[in-house]
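Student: One structure is given below, represented as structure tokens, and several questions about it will come after.
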Amino acid sequence: MNIKISEVANLPTEFGDFRVQVFKEGHKEHLVIFKEKLEEIPIVRVHSECLTGDAIGSLKCDCGAQLEYALIMASQTNGMVIYLRQEGRNIGLLNKINAYALQDIGLNTIEANHQLGFGADERTYEMVTFILHHFNIHKIKLLTNNPDKIRSISDIEIVERIPIIMKSNPHNEAYLNVKKDGMGHLL
Ligand SMILES: Nc1nc2c(ncn2[C@@H]2O[C@H](COP(=O)(O)OP(=O)(O)OP(=O)(O)O)[C@@H](O)[C@H]2O)c(=O)[nH]1
Ligand SMILES: [Zn+2]
């Protein structure tokens, strides 16, 4: 992997004061948000980019609320958020919106991906291992409901899984049910 690493900079936020660093892999610029004095076994959130949920307040998913919750947890526990640029479970924004259009006519989140020729989840997590090793972190507590994410992160000991369950709304209820029944999420 040819990875460019930025300097570390301060980033004051409404959730607390963080340090930030970018890991650039090809055209993907992943952002790591962390507290200056990390816990020995920190709480880590591996968050996948969701422009619609993270930045626009979309109610179709739970990403925006999860990101806020993760930043608050990181701030309060000397933890870290790894913001991976894997928009739309790594099919990209254009394809995700095409998937949303298929969902508008009745397909669920998995069926829509398949209709477009993608797997249900195209994400990989080598970058997480690279980033954590860069910080000399070998053990973490992972904030997730997704068992597949736990299985996919290699060479890092996940000593605890901490759930990150957000309140549902009428727009994302069906989506969350498919994550639970079709993708094995622990919801
Ligand atoms: N292709 C596709 N991607 C989606 C859809 N809804 C959300 N996403 C993307 O899914 C990613 C978030 O993954 P989720 O499955 O919600 O959750 P997770 O990260 O696997 O699991 P947690 O760690 O428990 O949150 C983001 O990259 C979103 O852009 C959808 O309908 N289709
Ligand atoms: Zn989302």
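FYI, it's all coordinate maths here, none of it is from the lab. Predicted model only: the values in this text are computed from it and were never measured. Ideal geometry is used to build each Cβ from the backbone, glycine not excepted, and the neighbour counts take in all protein chains shown.
Student: Among rounded, prolate and oblate, which fits region 80-174 when a ≥ b ≥ c are the square roots of the eigenvalues of its C-alpha gyration tensor, a/c under 1.5 means rounded, and a/b larger than b/c means prolate? Let's see the in-between values first.
Tutor: Working: a/c = 2.69, a/b = 1.78, b/c = 1.52.
The shape class here is prolate.
Student: Same structure, new question: Could you give the length gained by full extension between Glu40 and Ile162, i.e. 0.36 nm per residue of separation minus their alpha carbon distance, to one decimal place?
Tutor: My answer for the length gained is 42.3 nm.
Student: Then there's this: Would you please give the FRET efficiency between Asn78 and Met1, computed as 1/(1 + (r/R0)^6) with r the Cβ-Cβ distance and R0 = 41 Å, to the nearest 0.05?
Tutor: Values: r = 28 Å, r/R0 = 0.68.
About 0.90, to the nearest 0.05.
Student: Here is a follow-up. Is region 1-92 best put as rounded, prolate or oblate by its Cα gyration tensor, with a ≥ b ≥ c the root eigenvalues, rounded for a/c under 1.5, and otherwise prolate when a/b is larger than b/c, oblate when not?
Tutor: Oblate, because a/c is 1.5 or more while a/b does not exceed b/c.
Student: According to a simple spin-label model (label point 7 Å from Cα along Cα-to-Cβ), what is the distance in nm between Asn136 and Glu122?
Tutor: 3.8 nm
Student: Oh, and also: Have a look at the DSSP beta bridges in the chain and tell me what percent are antiparallel, nearest 5.
Tutor: Approximately 60 percent, going by the DSSP bridge assignments.
Student: Right, here's the next one. Return the ratio Rg/(2.2 N^0.38 Å) for the chain, where Rg is computed over Cα atoms only. Kindly include the intermediate steps, with their values, before the conclusion.
Tutor: Values: Rg = 16.3 Å, N = 187, 2.2 N^0.38 = 16.1 Å.
My calculation over the Cα atoms of the chain gives 1.02.
Student: Rounded to the nearest 500, what is the chain's calculated 222 nm mean residue ellipticity when only DSSP H runs of at least 4 contribute -39500 (n - 2.57) each, over all residues?
Tutor: Estimated from H runs of four or more residues: -10000 deg cm²/dmol.
Student: At what distance in angstrom do the alpha carbon centres of region 104-161 and region 36-78 lie from each other?
Tutor: 14 Å
Student: Order by neighbour count: Asp62, Asp155, fewest other Cβ atoms within 10 Å first, most last.
Tutor: If I rank by nearby Cβ atoms, fewest first, I get Asp155, Asp62.
Student: Moving on. Using a 7 Å offset from Cα along Cα-Cβ at Ser152, what residues in region 85-111 end up with backbone N under 20 Å from the label point?
Tutor: Zone members listed by number: 85-100, 108-111.
Student: Under the Karplus relation 6.51 cos²θ - 1.76 cosθ + 1.60, θ = phi - 60°, what is the ordered set of whole-Hz ³J(HN,Hα) values for region 81-88, x standing for Gly and Pro?
Tutor: Values, residue by residue: 10, 9, 9, 8, 7, 10, 3, x Hz.
Student: From the backbone phi of region 45-50, what are the Karplus-calculated ³J(HN,Hα) couplings (6.51 cos²θ - 1.76 cosθ + 1.60, θ = phi - 60°) in whole Hz, Gly and Pro given as x?
Tutor: 10, 9, 9, 8, 3, 9
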